[in-house]
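Here's the structure we're looking at; comments come further down.
Just so you know, all these numbers are worked out from the coordinates, no wet-lab data involved. Being a predicted model, the structure only gives us computed values, none of them experimental. Neighbour counts run over all protein chains shown; Cβ positions are idealised from the backbone, glycine included.
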Amino acid sequence: MRTIIHIDMDCFYAAIEERENPELRGRPVGVGGSSRRGVLTTANYVARRFGCRSAMPVFKALELCPQLVLVPVRFDLYRAESARIRAIFGRFTETIEPLSLDEAYLDVSHLRSSGAAVAREIRAQIREETGLTASAGIGPNKLVAKIASDWDKPDGQKEVAPDEVDAFMHELPVGRLWGVGRKMREKLAALGVETCGDLRRFDKIELSRRFGSWGLELHDLCRGIDPREVRPNRIRKSLSSERTFGENVTTLEALRPVMRAMLEGLREDLDRKHSDRAVRSLVVKLKFADFERTTAERARPAVDPEVFDELLEEAWKRGGNRPVRLLGVGVRFRDPRDPAAADQLELFDAGGGDSI
């Protein structure tokens with residue numbers, strides 16, 4: 001039986017800024033755009049109490065919280081802190097799968113200590129060495145561990161033992177499952193589904209009929225079934241960043257500034273960690289409110305904001321002006337073993353960027 005830990009830093013970017021400038025502590029802080037036309041990369045817990053959140057336009061955040069302190073993004077600093085935290089993970093296991101700068105899966109199945117004890121020690125070392133707090137979820141698979149890590153935030157942890165998974169998932173609101181946003185919750189509520197236990201009344205055939213392939217995923221998710229392994233070592237086929245919006249974005253113009261901020265981080269990641277890789281193509285991915293997805297791609301050897309603008313518009317038009325719940329940007333690398341190979345781009349659901 002596996003023991004998986006999901007570590008999620010608490011308001012990572014904002015927490016770093018508060019540590020660097022103690023005068024910010026206790027005040028609502030938003031990291032991101034420096035003008036009203038920009039967007040927030042993240043907001044601390046004080047600001048979230050006012051309704052401020054990641055990917056929100058700055059002007060909207062200021063309407064909700066006029067006293068919000070805006071701090072510009074400092075990716076170099078955040079990446080340096082992420083590397084320090086990653087080094088702490090490495091003291092406990094080599095099986096580490098980073099999801100972004102502020103979260104990762106760790107497989108600690110080989111250790112004699114309990115998963116809860118290991119997670120507690122990791123969090124203690126992070127606090128001692130960086131002054132930052134982390135939350136953790138411990139479970140027999142990735143799905144359960146990730147849900148559990150959000151259970152006792154900030155600066156807490158929750159363990160779900162293998163024999164507790166069924167009961168844990170049974171009472172879980174369906175909105176806690178990845179991919180189940182407001183629109184899907186409404187569709188499920190219309191069927192009398194509020195919890196994962198309610199969802200289990202429907203078999204695979206019925207869920208597939210109603211929701212297609214997504215219905216088959218829901219069948220396993222509501223039961224806490226997740227066979228995925230923690231995958232630390234592989235030849236990276238792509239580099240990507242994704243942003244899932246708390247509220248669906250309804251206009252193309254609202255997506256553009258979000259994408260520009262994401263491209264800044266993508267370019268820095270390329271320069272800092274993948275300068276030796278040849279870029280094959282650029283990709284924009286959109287997931288619409290009805291969970292349909294589309295990707296627009298063009299062969300280019302480097303990040304070109306103008307091309308990304310064109311790809312975003314192309315993908316948007318395919319949706320027929322449908323609201324967007326997720327935006328992804330990425331590059332596809334040439335395979336170093338076969339430069340002519342056509343690798344499939346992997347835009348991961350928990351892409352780069354601070355957690356929402």
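Name the residue from Ala116, Pro72, Phe50 whose Cα lies farthest towards the positive end of the charge dipole of segment 43-122, charges +1 on Cβ of Lys and Arg and -1 on Cβ of Asp and Glu.
The residue sitting farthest along the positive end of the dipole is Phe50.
Could you work out the helix-only [θ] at 222 nm for the chain, with each DSSP H run of four or more residues adding -39,500 (n - 2.57) and the total divided by the number of residues, to the nearest 500 deg cm²/dmol?
Values: 13 runs with 132 residues, N = 356.
Helices in the chain give a 222 nm mean residue ellipticity of -11000 deg cm²/dmol.
Over the Cα atoms, compute the radius of gyration (one decimal) and Dmax (the largest Cα-Cα distance, rounded to a whole number) for the chain, in Å.
20.3, 57
By per-residue mean of other Cβ atoms within 10 Å, what is the highest-first order of 312-321, 94-103? Intermediate values should be presented prior to the final figure.
Values: 312-321: 16.3, 94-103: 19.8.
Descending mean neighbour count gives 94-103, 312-321.
Students often get this wrong, so check it: of Lys60/Lys142; Lys158/Lys204; Lys146/Lys317; Lys142/Lys273; Lys158/Lys287; Lys60/Lys158, which have C-alpha atoms separated by over 28 Å? Please report the intermediate quantities before stating the final value.
Values: Lys60/Lys142 34 Å; Lys158/Lys204 30 Å; Lys146/Lys317 34 Å; Lys142/Lys273 26 Å; Lys158/Lys287 31 Å; Lys60/Lys158 34 Å.
The pairs that break the limit, which is 28 Å between Cα atoms, are Lys60/Lys142; Lys158/Lys204; Lys146/Lys317; Lys158/Lys287; Lys60/Lys158.
Sort Asp8, Asp198 so that the residue with the fewest other Cβ atoms within 10 Å of its own Cβ comes first and the one with the most comes last.
Fewest-to-most Cβ neighbours within 10 Å comes out as Asp198, Asp8.
Give me Trp178, Trp151 ranked fewest to most by other Cβ atoms within 10 Å of their Cβ, as a rough exposure proxy. Numbers along the way, then the final one.
On the way: Trp178 13, Trp151 16.
Listing Trp178, Trp151 from fewest to most nearby Cβ atoms yields Trp178, Trp151.
So for each of 109-121, 323-335, 282-294 I average, over its residues, the number of other beta carbons within 10 Å; can you give me the resulting order with the highest mean first?
Highest mean packing first, the order is 323-335, 282-294, 109-121.
Which whole-Hz ³J(HN,Hα) couplings does segment 285-301 yield from phi under the Karplus relation 6.51 cos²θ - 1.76 cosθ + 1.60, θ = phi - 60°, glycine and proline marked x?
Whole-Hz 3J(HN,Hα) from phi for segment 285-301: 10, 10, 10, 8, 4, 8, 6, 6, 10, 8, 10, 10, 9, 8, 5, 8, x.
Give me Rg over Rh for segment 168-221, both radii from the alpha carbons and Rh done the Kirkwood way, two decimal places.
Details: Rg = 9.8 Å, Rh = 10.8 Å.
Using Cα coordinates only, the ratio equals 0.91.
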